[in-house]
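As structure tokens, the structure follows; a few thoughts come after it.
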Amino acid sequence: MKSLLLSLPGAVPAEAPDEGVAAHYGDLFREQRALAGGTGFVDLSHRGVVTISGPERLSWLHLLLTQHVTELPPGQATEALVLSAHGHIEHALYLVDDGETTWAHVEPGTQGDLIAYLEGMKFFYRVEVKDATGDYGVVHLPAGSIAETPDGVVVRETAHGRDLFLPRASLEKFAEANGPAIGVMALEALRVEAHRPRFGLETDHRTIPHEVGWLDTAVHLDKGCYRGQETVARVHNLGKPPRRLVFLHLDGSEVKLPGHGAPVRLAADGEEGRQLGFVTTSARHYELGPIALALVKRNVPVDAELIVDATAAAQEVVVEP
């Protein structure tokens with residue numbers, strides 16, 4: 001879905017997976033500084049919006065998601081996953097309930113598959129699932145922002161900022177009152193700095209929550225049964241995940257950032273050495289320089305010197321080996 005805000009001055013369209021919104025508005029580092037300082041907003045109206053209403057919505061979602069939501073208070077934000085029967089991550093939901101409806105935003109283009117799964121699990125529960133992407137767009141306000149939330153708008157507030165579910169018809173008016181507009185590249189750089197995973201980038205078809213740190217934020221280890229729960233419990237109690245997320249400081253002398261999937265190897269083995277993992281997201285940070293997140297094999301030593309393609313990379317532990 002193409003955002004109306006791409007018509008703002010300086011807007012440069014983003015590439016996959018963020019097509020439809022602006023990558024930046026002409027000055028990436030200025031935008032990062034503004035966002036880190038609590039000013040401006042990020043247009044995330046390309047993300048999918050799903051609503052679940054009905055008197056049994058929370059008890060029903062509790063059976064399907066990795067998170068404990070039966071008593072989720074109105075206005076309290078949470079994260080949750082949908083897993084396969086083998087415990088692999090299929091969807092990531094960013095949730096808030098307003099007392100009558102549960103709102104979720106999800107990765108662009110994934111709402112259709114999510115809704116199809118939810119519809120198939122309704123049975124006799126009194127719930128209604130709706131794709132609200134055409135009516136609402138997500139806008140992100142950074143932590144510390146003093147921008148006022150328009151009346152009647154559902155807000156999902158976390159330590160990282162506020163996500164607003166704005167009616168699409170009010171996006172341009174909101175932008176006029178709450179600029180400067182900031183592109184998704186700035187938000188992504190701060191996400192990488194904060195070591196926060198993103199579905200479809202830090203995950204592939206075999207990722208389990210333990211590998212990327214979602215066990216801490218999106219999984220409730222003491223709740224009842226849900227699809228994939230046996231894998232979550234078994235790995236948590238008896239074993240270790242096969243891979244782990246790491247944060248990389250990249251050699252700043254390289255002009256080009258490594259792309260998603262770029263191989264990670266031991267520096268001692270050189271560019272022809274055995275691949276130990278791959279880059280999931282890379283970014284240029286206004287203070288740290290070139291940085292990245294990567295998935296590597298669990299047994300890679302935490303003090304090992306790495307290379308990404310031919311670029312030297314120093315690692316920081318995100319998920320303990």
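Structure notes:
- When residues of segment 14-32 are limited to those that are loosely packed, with under 15 Cβ neighbours inside 10 Å and either in contact with a helix residue (DSSP H, G or I) (Cβ under 9 Å, 6 or more places away or on another chain) or among the hydrophobic types (A, V, I, L, M, F, W, C) (or both), the one farthest from residue 146 (Cα to Cα): 16
- Qualifying position, being in contact (Cβ under 8 Å) with a residue 40 or more places away in the chain and under 19 Å from the mean Cα position of the chain (by Cα), among 21, 12: 21
- Here 197, 209, 142 are screened, and the one residue that is touching a Leu at 6+ places or on another chain (Cβ under 6 Å), under 23 Å from residue 109 (Cβ atoms), buried (at least 21 other Cβ atoms within 10 Å of the Cβ) and touching a residue at least 40 places away in the same chain (Cβ under 8 Å) is 209.
- Among the residues of segment 93-109, the one identified as in a loop (DSSP other than H, G, I, E, B) and open to solvent by less than 30 Å² (accessible area, probe 1.4 Å) is 107.
- Just one of the listed residues (161, 134, 183) is open to solvent by 10 Å² or more (accessible area, probe 1.4 Å) and either in contact with a Ser or Thr (Cβ under 8 Å, 6 or more places away or on another chain) or under 19 Å from residue 46 (Cα atoms) (or both), and it is 134.
- Within segment 216-235, being closer than 25 Å to residue 293 by Cα and either among the β-branched types (Val, Ile, Thr) or at pLDDT 95 or above (or both) holds for 217, 218, 219, 220, 231, 232, 235.
- Among residues of segment 61-92 being touching a His at 6+ places or on another chain (Cβ under 8 Å) and assigned to a strand (DSSP E or B), the one that is nearest to residue 162 (Cα to Cα) is 81.
- Failed item, numbered, when residue 244 is tested on (1) more than 30 Å from residue 85 (Cα to Cα); (2) assigned to a strand (DSSP E or B): (1)
- Residue 64 falls short of the stated requirement of being under 20 Å from the mean Cα position of the chain (by Cα), among the aliphatic types (A, V, I, L, M) and under 28 Å from residue 175 (Cβ atoms).
- Note on segment 164-180: residues that are surrounded by fewer than 17 Cβ atoms within 10 Å (Cβ to Cβ) and under 16 Å from the mean Cα position of the chain (by Cα) total 0.
- Contact map, segment 292-315: residues that are free of Cβ contacts under 8 Å to residues at least 24 places away in the same chain and of a type in the set (A, V, I, L, M) paired with residues that are in a loop (DSSP other than H, G, I, E, B) and open to solvent by 70 Å² or more (accessible area, probe 1.4 Å), Cβ distance under 9 Å, separation 6+ or inter-chain. Pairs shown: 302/320.
- Look at segment 85-102: where a residue is within 10 Å of residue 199 (Cβ to Cβ) and a partner is assigned to a loop (DSSP other than H, G, I, E, B), sitting 6+ places away or on another chain with Cβ atoms under 6 Å, you get 89/203; 89/207; 90/84; 92/199.
- Matching residues in segment 48-77 - criterion: being polar (S, T, N, Q) and crowded, with 22+ Cβ neighbours inside 10 Å: 66
The values are calculated or read from the model by the stated rules, or taken from the named source; none is laboratory data. Fair warning: this is a prediction, and the values are worked out from it, not measured in the lab. When we count neighbours, we look across all protein chains shown, and the Cβ atoms used for this are built from the backbone with ideal geometry, even at glycine. What goes into the accessible areas is simple: the full protein's heavy atoms, side chains included, and nothing from ligands, DNA or RNA. Shrake-Rupley method; radii C 1.70, N 1.55, O 1.52, S 1.80 Å.
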